[in-house]
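Data block below; observations after.
Laboratory data are not the source of any read-out in this text; all were calculated from the coordinates shown. Just so it is clear, the model here is predicted, and its values are computed rather than measured. We place every Cβ from the backbone using ideal geometry, glycine too, and count neighbours over all the protein chains shown.
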Amino acid sequence: MTVWPCRPPKDVSNVLQSVQGRSRDEESGFDLMQSDALRMGRTAVCCGSPGSRCEVRVPRYPRALCTALTALLMSPWLAAPALADGESDKFDLTFHRKADPDTWIRPSAQFQTAFFTTKKAYGGNTRENLGNDARGWIELGLVPALDGQISLGDSGTIRVRTSGVWTSTQVGTDAAGSTLTTDGRAQAREEFNLEDAYIGWNSGKLFADSLGENAIDLSFGSQPYQIGPGGPDGDGLGSGFIFYDGGSDGGKRGGFWIGLRNAFQLAGIARLHTGALDGEAVYLRSSQLENVNTEVVGARLGYDFAELLDMKLARLTGAYWNLLDSDDRRRDGLNVVNLGVDVRPLKDLPGLRFTGEYVYERNQSKNKSWAAWGEVGYTFEEVSWKPHASYRIAHFSGDDGQGKNNNFDALFWGFSDWNYWFLGEISGEYLTQNTNLTAYVLRLRSNPTDAITLNFFWIYQRLDNLENNTVSPRPPLSPRVSDIDDHDLSHEIDFIVDWSPNDYLSFSLVAAYLFPLSGAEDLFGGDDTWQHYMLWTRLSF
């Protein structure tokens, strides 16, 4: 079986390794991965620090282009900042060019805090599993940014963005143990990195007569590649299942849960949207761990057949990605096929929705794995509080010990909405990974006001295979074998309140409870209910 004791870097396969093949970051004490990770079918499932010895190397040329265009935009012909219109109470710091309001520059900043407290983590055996207590900790994050746009008239617009990220973990260690030193002491961690540095072009009205306005969008540089938002209000085919987060947090960087680093080291993205057809071609380069580089090329096409089928929505997508080069042996040459469906079949019941994806991975004799999820949901748009209910089943293959490695590689998955795709605020963040797992998720959501959202989640997790039954639940300490004899892992319930009183400020309050079943009891060595509480705030302008 495969279980993760903490939230790893998104470059998932880089943190799986054999029990015999481990190296250690002397500064943070966190285990680093070797390039032949998962070479053998029977592996220890261990967790590397999301930030351990990780450098973000931003290409020089995109940064130079962004700097030059930013300097151009800041020339004397910029007008003073103005307040936003009456539809928003947020102060607008945008400087517009007097002669052309579509040319502008805008500084911005975002500050996040998260306060955590836990009780009886790891079945009541926190110190035995983690190496220290994780009763409470604080995470901080800051994102200063500068965006700009140059109007080219009917030939579209050029845009640029530069940003940085500072994160820190203070007071104690997180429940993943990512900030522990080699001797098990909690240590404050912080780091600042350049995040975004890219340039882009949008076609605007250039092809309006043939393809439509804004039909083509090109961008290049250090930037995120995220396939849509998740949740009942987002793109069901772009929930962050395998492509959402190109960065790493935690470890020496701090900010393990906040996770503000999302950009790929280098990304070239070409998008087309015309009528019911949309598509994209991408080149991505990720380097989330030192000396573990991964290059990806791929394409995705989508089409909405709603008009042909007389439905509210009937969107299908197909995609292919090739990991053409990677320092990780199992990923090098990996082929990935992705199919998706997002359907609202009845115009008279627009709140009814079916979504799902299927992913197949193959890499000669090194890997053969798959994952899929399906969800049915209904939103009562005409009812007070707009209640929403959905039920989702997600399966990620695990290794059966019969030759080829069958552990699914979730690639660059991320957080696009609650429980997409960290499955549980306890289990998804600190216990399990999206591999060798079947998860059942019930969601109830309502909006008492436009500013408040109430969420309830029930998550039941089962292990796919027990053949791989070695787990390291004690990062960053040495692995200890833990035999798990039951597929049933845990039940979890999450209560989440989101409140955005204005355009500047957002709050989230989380109360989560994990109830260990036989599998987790074998892993933890205890059966106490894990309690987890968090208060998150974001201030932005």
Which FRET efficiency value, to the nearest 0.05, do you get for Tyr320 and Glu213 by plugging their Cβ-Cβ distance into 1/(1 + (r/R0)^6) with R0 = 35 Å? 0.75
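Arrange the peptides 189-196, 148-155, 247-254 so that the one whose residues have, on average, the most other Cβ atoms within 10 Å appears first. If you can, show how the numbers build up before the last one.
Numbers: 189-196: 19.4, 148-155: 16.4, 247-254: 28.5.
Listed from highest to lowest mean packing, they are 247-254, 189-196, 148-155.
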The range 494-541: projected area of the alpha-carbon convex hull, averaged over directions, in nm²: 4.1
Amide hydrogen neighbours beyond the local backbone of Gly401, cut-off 5 Å, H modeled: Asn406
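Give the peptides 441-450, 138-147 in descending order of average Cβ contacts within 10 Å, highest first. Before the final figure, lay out the partial values.
Details: 441-450: 15.6, 138-147: 19.1.
Result, highest mean Cβ count within 10 Å first: 138-147, 441-450.
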Distance between modelled label sites at Thr529 and Asp154, nm, 7 Å Cα→Cβ extension: 6.8
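Using 0.36 nm per residue of separation minus the Cα-Cα distance, give me the extension gain between Asp488 and Leu442 in nm, one decimal.
Numbers: separation 46, 0.36 × 46 = 16.56 nm, distance 1.73 nm.
Length difference between fully extended and current span is 14.8 nm.
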Using alpha-carbon positions, what is the distance between the centroids of the range 368-439 and the range 281-336, in Å? 18
Pair Asp92, Phe507: separation of 7 Å Cα→Cβ label points (nm): 2.9
For a paramagnetic label modelled at 7 Å from the Cα of Leu349 toward its Cβ, which residues of the range 235-260 fall within the zone defined by backbone nitrogen distances under 20 Å? 236
Please give, to one decimal in nm, the separation of the simple spin-label points placed at Trp370 and Leu454, each 7 Å out from Cα toward the Cβ. 4.1
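Within a Cβ distance under 14 Å of Gly124, other residues only, what is the Lys/Arg minus Asp/Glu net charge? Please report the intermediate quantities before stating the final value.
Working: positive: Lys119, Lys120, Arg127, Arg135; negative: Glu128, Asp133, Glu521, Asp527, Asp528.
Net charge in that neighbourhood comes out at -1.
Between Arg127 and Ala299, what FRET efficiency comes out of the Förster formula 1/(1 + (r/R0)^6) with R0 = 56 Å and r the beta carbon distance, rounded to 0.05?
Working: r = 49 Å, r/R0 = 0.88.
The calculated FRET efficiency here is 0.70.
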Where in the range 128-149 does the label zone of Gln170 land, with the point 7 angstrom along Cα→C-beta and an amide N cut-off under 13 Å? 137-142
Among Arg97, Arg161, which comes first, second and so on when ranked by fewest other beta-carbon atoms within 10 Å? Arg97, Arg161
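What's the FRET efficiency of Asp332 with Glu382 using the Cβ-Cβ distance as r and R₀ = 56 Å, to the nearest 0.05? Don't jump to the answer; show the numbers that get you there.
Numbers: r = 53 Å, r/R0 = 0.94.
Efficiency at R0 = 56 Å is approximately 0.60.
Using mean Cβ contacts within 10 Å as the protection proxy, how do 408-420, 103-115, 206-218 order, highest first?
On the way: 408-420: 24.2, 103-115: 17.4, 206-218: 15.4.
My ranking of the peptides, most packed first, is 408-420, 103-115, 206-218.
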For Tyr391, placing the label point 7 angstrom along Cα-to-beta-carbon and taking the range 312-329, residues whose amide nitrogen sits under 14 Å are none
